[in-house]
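This report refers to the structure that appears directly beneath it.
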Amino acid sequence: MIVDSHQHFWDPSRGDYGWLEPGSPLYRGFQPDDLLPLLRKLEVEATILVQAAATPAETDYLLQLARPRAWILGVVGWVDLSAAEAPVQLAARACEPRFVGVRPMLQDLSDPAWILKHEVSAGLQAMQSEGLVFDALIRWRQLPTITELAERYETLSMVLDHAGKPPFGDRCVWRDWETQISRLARQPNVACKLSGLVTEVPGSCEKLWVDRCVDTVLDHFGPERILWGSDWPVATLAVEYADWLHYCQEYIRQRCPTYEDAIFGGNAQRIYGVACMGF
C-alpha cells in the first residue's frame, strides 16, 4: 500500500499564492482530477494534502477538497501560531477528522528562528496537546532551529519536509548539512520526508548528490522515520511523478527492502494518525 505523504492542490485565481509567478508552468490550477489518474496508474492508494498558502482560507479550501475523497487521508494546513487565539483555532481545527497537522512556511520568513519566539509557544503547546503534526518547511541553514524546537517540545510530532532542502552540489557546505541532519535525527520526535529533492538540484549537478542525500537521511533517521512523498505538482518542474516514485522504490529495495511498506505508506499512516481507505 503506497501513501504519498506530500502533495498539493491549488487554484491561483483564489489569490493567496504569493509565491506563484504568472508565466510559470505551475501558475494554473492543479486539482484532484489531475492527480487521480496518476495515482491509479502507479497504484498509489492515498495521499496527505499539504498547504501552499499562509492563509486559513486555503486550509478551508483544502479540507473541502479532502472531505468527499477517501483517498485524501489528511490535510496539513496553516494556522497563525503567533496569534493570541491560536490555541482556540487549533482546538477547533483538531475536531476536523481530516486536519492532521500544521505547516508554517518557515523558509519564507525574514527571521529564520521565528518559530522559537515566545509568542509562538502557546500555539506550539496547543499543537502538542491536540496531537497535531508539525511539518517543517525550511532551508538547510535553519536545521539548528528545528533541532532546538524538537528539544523544547519533546512530544510534538515533527516531520522535516524535503530533507531540509540540502545544498546540492556545494561541497563546501554539504558536510555542514550532514552534521545538522545527524543532530536533528537524534530527536526521536522528528521524522523526515523523501520529497522535493530533485527540484533543489542545480541543472549541472550529478544525480549522485540525490543518492548521497537519501543515504544520509536513511543512515541517521533510520527507515522507521522516513516517509515518501511526491511534492506534486512542484516536483514536475524537474521530474515526473512516476520517475521519482520508481527511483525511490529501487533505492529502498536495495538499501532496506524489509522497510519498503513502512517508508511508502505505513510510517505516514502512523505519524499522521490516519488509516488508508482506498479510492
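Any read-out appearing in this document is the output of simple, stated calculations on the displayed coordinates, not a laboratory observation. All of these numbers come straight from a predicted model, not from anything done at the bench. Counting neighbours? That spans all protein chains shown, and the Cβs are built from the backbone with ideal geometry, glycine included.
When Cα extents along the principal axes in Å is computed from the coordinates, the matching label among [x] 57, 46, 26; [y] 51, 39, 38; [z] 46, 40, 40 is [z]. Placing a label point 7 Å from the Cα of L237 along the Cα-to-Cβ direction, the residues of region 138-168 whose backbone N falls under 17 Å from that point are 138-140, 161-168.
Ranking A163, L63, Q254 by Cα position along the charge dipole of the chain, where only Lys, Arg, Asp and Glu carry charges on their C-beta atoms, puts Q254 farthest toward the positive end. Taking the number of Cβ atoms within 10 Å of each Cβ as an exposure proxy, the fewest-first ranking of C256, C248 is C256, C248. Net length available on complete extension from S24 to H118 is 30.1 nm, with 0.36 nm assigned per residue and the Cα-Cα distance removed. Computed from backbone phi, the HN-Hα couplings of region 112-120 come to x, 10, 3, 5, 8, 5, 4, 5, 8 Hz, rounded to whole numbers (Karplus: 6.51 cos²θ - 1.76 cosθ + 1.60, θ = phi - 60°; Gly and Pro given as x). Available extension along the chain between A57 and S13 is 14.5 nm, counting 0.36 nm per residue and deducting the alpha carbon span. Shown for region 151-210 is the translational diffusion coefficient from the Stokes-Einstein equation, using the Kirkwood radius over Cα pairs, a temperature of 25 °C and a viscosity of 0.890 mPa s: 194 µm²/s.
For region 71-81, 3J(HN,Hα) computed residue by residue from phi via the Karplus equation (6.51, -1.76, 1.60; θ = phi - 60°) reads 6, 8, 6, x, 10, 8, x, 10, 9, 6, 5 Hz, glycine and proline entered as x. Backbone amide hydrogens, once placed in the peptide plane, bring V133 within less than 5 Å of G101, V102, excluding anything fewer than 5 places away on its chain. For region 2-272, the residue among A150, Q7, T47 whose Cα projects farthest onto the positive side of the dipole built from Cβ charges is A150.
You can think of it this way: the chain between S82 and C95 has 2.6 nm of extra reach, that is 0.36 nm per residue less the Cα-Cα gap.
Taking the Cα centre as origin and putting +1 on Lys and Arg beta-carbons and -1 on Asp and Glu beta-carbons, what dipole magnitude results for region 117-191, to the nearest 20 debye?
300 debye
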